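Below is one structure, written out as structure tokens; comments come after it.
The values are calculated or read from the model by the stated rules, or taken from the named source; none is laboratory data. These numbers were taken from a predicted model, which means no experiment stands behind them. With ideal geometry, Cβ positions are generated from the backbone for all residues, glycine too; neighbour counts draw on all protein chains shown.
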Amino acid sequence: MPLVIFIIQLNNTSKSRNVQLPKCPTGIQGLDEITGGGLPKGRPTLVCGSAGCGKTLLGMEFLVRGATEYGEPGVFISFEETVEELTQNVTSLGWDLEQLVAEKKLAIDCLYIEPSEIQETGEYDLEGIFIRIGYAIDSIGAKRVVLDTIEVLFSGLSNTGIVRAELRRLFRWLKTKGVTAIITGERGDNSLTRQGIEEYVSDCVIRLDQRIYEELSTRRLQIFKYRGSQHGSNEYPFLIEENGISVLPITSIGLNHSVSSDRISCGIPRLDAMLGGQGYFRGSSVLVTGMAGTGKSTIAAAFAAATCQRGEKCLYLAFEEAPQQILRNMRSIGMDLEPYIQQELLQIQALRPTAHGLEVHLVQIHRSLSYFQPTTVIIDPISNLTLTGSPLQIKAFFMRLIDYLKSQQVTVLMNNLISGGSSLENTEIGISSLMDTWLEVRVIESNGERNRILQLIKSRGMEHSNQVREFRLTSQGIELVDVYLGQNKVLTGTARAIQELADKQASLRRQQQVANRRRELEQQRQVIQAQIATLQMQMEAEKTELDHLNQEESLEKAGFLQDQERIAQLRRAD
Amino acid sequence: MNQQNEHNSPESEKWELRLYVAGQTPKSVRAFANLKKLCEEYLPTQYQIEVIDLLHNPELAKQDQILAIPTLVRKLPIPIRQIIGDLSNQEKVLLGLEIAKIGE
């Protein structure tokens with residue numbers, strides 16, 4: 001991935017940074033970051049670009065910021081617009097040029113050339129320009145100069161040889177004056193500027209560009225060249241906003257942000273339990289994918305509510321629904337987000353994905369973040385953003401966004417709607433690799449009903465459940481229920497309930513059967529015992545009889561002997 | 001045509017010319033000499049030349065939108081005309097000052 005490689009290189013070089021050129025801070029948001037401190041001090045910088053891409057504004061902001069923030073007065077030499085036009089154009093940005101001129105912080109001079117009124121004859125030089133610039137610089141002690149757009153000289157004067165020689169002399173002269181200058185130039189067909197003046201201004205060249213992709217235009221800025229200084233070489237999107245230019249140096253963020261092991265609740269207790277019992281990591285990125293109507297927004301809203309309950313701020317970027325609609329929908333499942341909005345803990349921003357290009361979205365999100373300072377951000381859903389760029393752009397967009405959020409320790413939850421036909425684990429944008437935690441909500445259709453199930457596909461750095469849970473939205477809130485697992489099938493919803501009932505009956509039946517059997521066996525045992533008792537009694541009786549017989553027998557025996565003796569006596573036997 | 005008439009009768013007009021220079025450079029000296037010669041030839045009595053040295057009065061460069069040195073500005077008769085350069089090509093100067101027809 002070239003982007004990442006670049007970032008690492010940038011970080012490496014910044015560690016071994018030697019003494020750099022002295023720089024002149026522009027005060028333009030983001031530009032100083034890319035240039036590593038500003039424009040080369042005391043040298044001219046060329047700003048080139050096509051018409052309407054913000055060259056004049058960049059120059060003017062450089063002067064206004066210099067005058068108001070850095071105490072460096074500036075001179076604006078306009079070759080195209082009048083003082084009145086310039087003043088009017090920037091009034092909407094809150095810059096009062098008249099005031100600055102009155103305070104001697106700014107001098108504006110308009111060098112106006114009307115070729116039809118000028119006749120050239122013989123040799124001449126452009127000393128008049130030098131004198132006027134010099135006079136303007138000296139009158140207020142200027143440190144900054146903007147020449148906008150000096151190439152007009154080529155169309156105003158026919159002797160281009162003289163103009164070229166004089167421009168070369170002018171840029172050298174500006175260096176000797178010690179002023180930091182911006183020279184603007186119109187973009188040429190095959191060169192940076194129409195007249196090739198980049199040859200003369202060789203210290204720093206900034207290119208502005210306005211490109212249109214699928215009917216959405218984005219302005220971009222690139223440091224084309226910066227002699228003697230390292231700089232971000234990518235194209236950076238920039239916006240012209242209410243308070244001036246803001247460049248987005250998000251690609252300059254490295255991967256060396258600090259990582260928190262702090263855990264925050266996701267707002268659904270059972271889901272927290274699945275996430276190792278404690279919820280998401282602070283500063284991590286969470287992806288929730290699922291088809292339409294699977295409850296992704298509800299998971300997001302629960303997370304928002306949990307954030308606000310902790311007293312932290314949550315920024316909810318809604319790309320599909322209006323804020324009021326989200327509030328109403330969440331009330332239907334017993335979640336009232338309204339109080340959090342009143343406490344200014346929750347901010348719902350509804351944006352049209354197709355209203356701007358991705359870069360503009362990025363800049364706007366960036367601005368909202370720095371303005372609102374949330375600890376969690378919800379993007380619901382990201383899928384709509386993918387309509388507005390090429391896959392590479394989208395990937396770059398999310399990488400930069402996630403990088404930035406991570407560097408700010410902001411936890412982000414993104415919903416991604418996946419279309420019915422696609423594979424369930426296929427996020428169209430291919431951003432799942434950027435995500436730390438990935439939840440998937442699926443719908444199972446069976447028995448004439450749809451049931452939601454939730455599964456954790458991954459969750460980096462924590463022990464997490466591998467179980468599927470049934471995800472139910474009730475008027476009391478979100479419920480995660482164990483699905484029916486058994487007999488090699490997973491059942492949800494009514495089917496789960498039916499199966500559970502059937503199981504219950506079956507077990508009841510089994511219990512009854514066991515009880516019956518037990519009773520039978522007990523009876524049998526009792527019968528046998530009774531039989532044993534009878535037999536014993538019989539045996540007893542027989543034994544008694546035997547004894548009786550024996551007794552009788554011995555008695556008889558004894559009686560026989562006696563009888564014999566007696567008989568013998570009687571016989572007087574001898 | 002009114003303008004044509006004016007040009008055809010320059011005698012009645014006053015010519016106010018300004019020559020902007022920056023120090024005594026060869027180009028400036030040459031320009032002044034060329035201008036002087038031309039005026040003597042074509043506008044013998046009614047011209048007035050004011051030489052402004054911007055090195056001494058840089059603030060004056062703004063009023064006549066001076067970029068090049070030397071620059072000749074025809075203040076009167078109106079409209080204002082500017083000729084830049086050392087005025088070495090007399091035909092061009094006459095054309096620029098719109099006094100070409102006088103010589104005819």
Single unsatisfied condition, A:GLU123 versus (1) under 30 Å from B:ILE78 (Cβ atoms); (2) charged (D, E, K, R); (3) in contact with a strand residue (DSSP E or B) (Cβ under 7 Å, 6 or more places away or on another chain): (3)
Does A:SER158 satisfy being more than 9 Å from every other protein chain (Cβ to nearest Cβ), modelled with pLDDT under 90 and under 17 Å from B:PRO70 (Cα atoms)? yes
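Conditions tested, residue by residue: (1) assigned to a loop (DSSP other than H, G, I, E, B); (2) surrounded by fewer than 17 Cβ atoms within 10 Å (Cβ to Cβ); (3) in contact with a Leu (Cβ under 9 Å, 6 or more places away or on another chain).
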site: B:SER28; (1), (2), (3): no, no, yes
site: B:ALA31; (1), (2), (3): no, no, yes
site: B:ILE52; (1), (2), (3): no, no, yes
site: B:HIS56; (1), (2), (3): yes, yes, no
site: B:LYS75; (1), (2), (3): no, yes, yes
site: B:VAL93; (1), (2), (3): no, no, yes
Quick one: is A:GLN195 more than 25 Å from A:TYR226 (Cα to Cα) and either buried (at least 17 other Cβ atoms within 10 Å of the Cβ) or within 11 Å of chain B (Cβ to nearest Cβ) (or both)? no
For the condition crowded, with 20+ Cβ neighbours inside 10 Å and among the charged types (D, E, K, R), what is the one hit in B:ASP64, B:ASP86? B:ASP86
Given (1) outside any loop (DSSP other than H, G, I, E, B); (2) at the interface with chain B (Cβ under 8 Å from one of its Cβ atoms), identify the lone condition not met by A:VAL90. (2)
In segment A:112-130, how many are more than 10 Å from B:LYS62 (Cα to Cα), free of Cβ contacts under 8 Å to residues at least 12 places away in the same chain and at the interface with chain B (Cβ under 7 Å from one of its Cβ atoms)? 5
For the condition in contact with a Phe, Trp or Tyr (Cβ under 6 Å, 6 or more places away or on another chain) and over 23 Å from A:ALA67 (Cα atoms), what is the one hit in A:GLN210, A:GLN222, A:GLN195, A:GLN230? A:GLN195
Among the residues of segment A:336-374, the number that are surrounded by fewer than 19 Cβ atoms within 10 Å (Cβ to Cβ), at pLDDT 85 or above and assigned to a loop (DSSP other than H, G, I, E, B) is 4
Does segment B:11-31 include one or more residues that are more than 10 Å from chain A (Cβ to nearest Cβ), more than 19 Å from A:THR121 (Cα to Cα), over 13 Å from the mean Cα position of the chain (by Cα) and β-branched (Val, Ile, Thr)? no
Which residues, counting only those in segment B:76-104, are more than 7 Å from chain A (Cβ to nearest Cβ) and either modelled with pLDDT of 85 or more or closer than 15 Å to A:GLU120 by Cβ (or both)? B:GLN90, B:GLU91, B:LEU94, B:LEU97
Select, from A:LEU46, A:LEU57, A:LEU63, the only residue that is in contact (Cβ under 8 Å) with a residue 12 or more places away in the chain, outside any loop (DSSP other than H, G, I, E, B) and surrounded by fewer than 24 Cβ atoms within 10 Å (Cβ to Cβ). A:LEU57
Those residues of segment A:74-87 which are more than 14 Å from chain B (Cβ to nearest Cβ) and in a helix (DSSP H, G or I) amount to A:GLU84, A:GLU85, A:LEU86, A:THR87
Would you tally the residues in segment A:135-151 being within 14 Å of chain B (Cβ to nearest Cβ) and surrounded by fewer than 19 Cβ atoms within 10 Å (Cβ to Cβ)? 3
Could you tell me how many of the residues in segment B:33-51 are closer than 11 Å to B:LEU17 by Cβ and either within 14 Å of another protein chain (Cβ to nearest Cβ) or free of Cβ contacts under 8 Å to residues at least 12 places away in the same chain (or both)? 2
Residue check: is A:GLU33 in a helix (DSSP H, G or I) and under 30 Å from B:ARG81 (Cβ atoms)? no
Count of residues meeting criterion [within 26 Å of A:THR354 (Cβ to Cβ) and surrounded by fewer than 19 Cβ atoms within 10 Å (Cβ to Cβ)] in segment A:198-221: 9
Residue pairs meeting the criteria (Cβ under 6 Å; at least 6 apart or on separate chains; first small (Gly, Ala, Ser), in segment A:140-157; second surrounded by fewer than 24 Cβ atoms within 10 Å (Cβ to Cβ)): A:GLY141/A:PRO73; A:ALA142/A:PRO73; A:GLY156/A:ILE113; A:GLY156/A:PRO115
